[in-house]
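The values are calculated or read from the model by the stated rules, or taken from the named source; none is laboratory data. The shown structure was predicted, so the numbers you read here are calculated from the model rather than taken from an experiment. Backbone-built Cβ (ideal geometry, glycine too); neighbour counts: all protein chains shown.
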Amino acid sequence: MAYPDSFPRFSFFLPAPVSGAARARRAGWLALAAAATLLAGCMSGPPPRVEGPGGARPGVPPAASGQKGQLQAASWAEIGGWSQDDVRAAWPALQASCQALKKRAEWNRVCAIGLMVDAGDLGAMRAYFESNFQPYRVVNGDGTDSGLITGYYEPILHGSRTRQGQYQIPLYRKPAQWGSRPLPARGELLQNPALRGHELVWVDDAVEAAFLQIQGSGRIRLQDGTTMRVGFGGTNDQPFRSFGKWLLDRGEITPAQATMQGIKGWARSNPGRVDEMLNVNPRFVFFRELPPTNEGPVGALGVPLTAERSIAVDPATIPLGVPVFLSTTRPLSAEPIQRLMFAQDTGSAIKGGVRADFFWGAGDAAGEAAGRMKQGGRMWVLMPRS
């Protein structure tokens, strides 16, 4: 879900980002900090990491420094959990990567072989990967092999193409006459009469609209029963400021409430102060309508993401499109996630070797998981054998 401007996902709780770099989505986001933890600082551009007031969650390694990682040859026997994963569920993600990479000689071969494998035969599929791919352990620049795994998702809002009833919050197209020049901060921008007539859609919740701006793309369930897909359409080029951190600094929420759900709860209890909170962040995102599709949002690889099988990575270490075996745990849990993923996206906050953003899918349940995910993890890249 990459988009051309660098903007972090799930940055409600974080210090001000450094401007620059090229990627927001699509967001480059960091996931929300959970329970007693405030998320590490996520910047728009290669970010320094800053622990929040709650400190790091026990057992979670510090975030990668942004230094390029390395790939070290490994054996299949080293990959814990490989023999337990049902790799059949990763088949659609493999086919998506093949659509983008099959013009390369090494990928053309493995993709062609893959088409001849029975996608319903677990043993045959596992043998396909073991025969055609060489595993490489991902190592950070400092030689360690564990890192931070966060999560992201595709929001689903409710709205209408016309202003009516509860649908009073507009998402805007960027007026063409404004070009690429810097624009005023959010509060002032929304008072500009030039925005009138550029409403793309009207939604029913200002906080949900702000979350959508941070994610960079999403879906709108319209009143007529259809679904509208929206994507990143530009920004006002103002720096990002965290309204979640603003709430924390003022004692409005506790570190345990520093989640997407906690901020929504604060907004419901303080409806008259929602604009005050949102205006703390001067940055504003414009949208454009995308063609309708039942597939996932398109990542930086240029193919639709597959829920729970696609990840965002740092392409300085991990080539886009490749299979990556991920070993981590579920949010706020020791329950393992050990499965074959595909590196199909990037993010401005996803920097370093062992560093990934796990795509949970679309909607509230996916958002709940993504918003709480800040886990330790290890990764193995699978490269086509020459």
Checklist entry - When you look at residue 318, is it part of a loop (DSSP other than H, G, I, E, B) and either over 13 Å from the mean Cα position of the chain (by Cα) or touching a residue at least 12 places away in the same chain (Cβ under 8 Å) (or both), yes or no? => result yes
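Among the residues of segment 102-132, which ones are of a type in the set (Lys, Arg) and either surrounded by 11 or more Cβ atoms within 10 Å (Cβ to Cβ) or touching a residue at least 40 places away in the same chain (Cβ under 8 Å) (or both)?
If we filter segment 102-132 for residues that are of a type in the set (Lys, Arg), which is where we start, we get 102-104, 109, 126.
Once the filter is applied, which keeps residues that are of a type in the set (Lys, Arg) and either surrounded by 11 or more Cβ atoms within 10 Å (Cβ to Cβ) or touching a residue at least 40 places away in the same chain (Cβ under 8 Å) (or both), segment 102-132 yields 102, 104, 109, 126.
Okay, residues lined up against (1) surrounded by 17 or more Cβ atoms within 10 Å (Cβ to Cβ); (2) within 30 Å of residue 184 (Cα to Cα):
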{"position": "228", "(1), (2)": "yes, yes"}
{"position": "236", "(1), (2)": "yes, yes"}
{"position": "264", "(1), (2)": "no, yes"}
{"position": "269", "(1), (2)": "no, yes"}
{"position": "281", "(1), (2)": "yes, yes"}
{"position": "301", "(1), (2)": "yes, no"}
{"position": "309", "(1), (2)": "yes, no"}
{"position": "321", "(1), (2)": "yes, no"}
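Would you confirm, using the coordinates I've provided, whether residue 206 is of a type in the set (Gly, Ala, Ser) and within 15 Å of the chain's Cα centre (by Cα)? First the steps, then the outcome.
Values: of a type in the set (Gly, Ala, Ser): yes; within 15 Å of the chain's Cα centre (by Cα): no.
No.
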Item to check | Selection count, segment 361-377, where residues are touching a residue at least 24 places away in the same chain (Cβ under 8 Å), out of contact with any Leu (no Cβ under 8 Å at 6 or more places or on another chain) and surrounded by fewer than 22 Cβ atoms within 10 Å (Cβ to Cβ) | outcome: 7
Checklist entry - Does residue 141 qualify as being surrounded by 14 or more Cβ atoms within 10 Å (Cβ to Cβ), over 30 Å from residue 284 (Cα atoms) and within 24 Å of the chain's Cα centre (by Cα)? => result yes
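State the number of residues belonging to segment 325-360 that are buried (at least 19 other Cβ atoms within 10 Å of the Cβ) and either in a strand (DSSP E or B) or touching a helix residue (DSSP H, G or I) at 6+ places or on another chain (Cβ under 6 Å) (or both). Break it down stepwise before answering.
So the first thing to find is which residues in segment 325-360 are buried (at least 19 other Cβ atoms within 10 Å of the Cβ), and the list is 325-328, 331, 337, 339-360.
Within this subset, residues satisfying the condition of being either in a strand (DSSP E or B) or touching a helix residue (DSSP H, G or I) at 6+ places or on another chain (Cβ under 6 Å) (or both) are 325-328, 331, 337, 339-345, 355-360.
Within segment 325-360, residues that are buried (at least 19 other Cβ atoms within 10 Å of the Cβ) and either in a strand (DSSP E or B) or touching a helix residue (DSSP H, G or I) at 6+ places or on another chain (Cβ under 6 Å) (or both) number 19.
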Checklist entry - Would a scan of segment 80-97 turn up a residue that is among the acidic types (Asp, Glu), in contact (Cβ under 8 Å) with a residue 40 or more places away in the chain, within 16 Å of residue 385 (Cβ to Cβ) and assigned by TED's automatic domain parsing to the domain that holds residue 345? => result no
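Please find, within segment 261-310, the residue that is nearest to residue 98 (Cα to Cα) out of those that are assigned to a helix (DSSP H, G or I) and in contact (Cβ under 8 Å) with a residue 24 or more places away in the chain.
Initial filter on segment 261-310 (assigned to a helix (DSSP H, G or I)): 261-269, 271-278.
Applying the additional criterion that residues be in contact (Cβ under 8 Å) with a residue 24 or more places away in the chain yields 261, 263-264, 267, 274-275, 277-278.
Working: 261: 37, 263: 40, 264: 40, 267: 44, 274: 45, 275: 45, 277: 44, 278: 41 Å.
Here the residue is 261.
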Checklist entry - For segment 151-252, list the strands (runs of 3 or more DSSP E) that sit wholly inside it and hold at least 1 residues that are at pLDDT below 90; which are they? => result 227-235
Checklist entry - If residue 225 passes every condition in (1) touching a residue at least 12 places away in the same chain (Cβ under 8 Å); (2) under 23 Å from residue 364 (Cα atoms) but one, which one does it miss? => result (1)
Checklist entry - In segment 264-286, what residues are among the hydrophobic types (A, V, I, L, M, F, W, C) and over 19 Å from the mean Cα position of the chain (by Cα)? => result 266, 267, 274, 277, 278, 280
Next on the checklist: Take residue 289 and tell me if it is under 18 Å from the mean Cα position of the chain (by Cα) and of a type in the set (D, E, K, R).
Outcome noted: no
Item to check | Number of positions in segment 82-101 that are surrounded by fewer than 16 Cβ atoms within 10 Å (Cβ to Cβ) and not in a helix (DSSP H, G or I) | outcome: 1
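To keep it simple, each residue is scored yes or no on (1) under 25 Å from residue 270 (Cβ atoms); (2) of a type in the set (Ser, Thr, Tyr).
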position: 197; (1), (2): no, no
position: 203; (1), (2): yes, no
position: 235; (1), (2): no, yes
position: 243; (1), (2): yes, no
Item to check | Residue tally, condition more than 26 Å from residue 345 (Cα to Cα) and among the polar types (S, T, N, Q), over segment 132-173 | outcome: 5
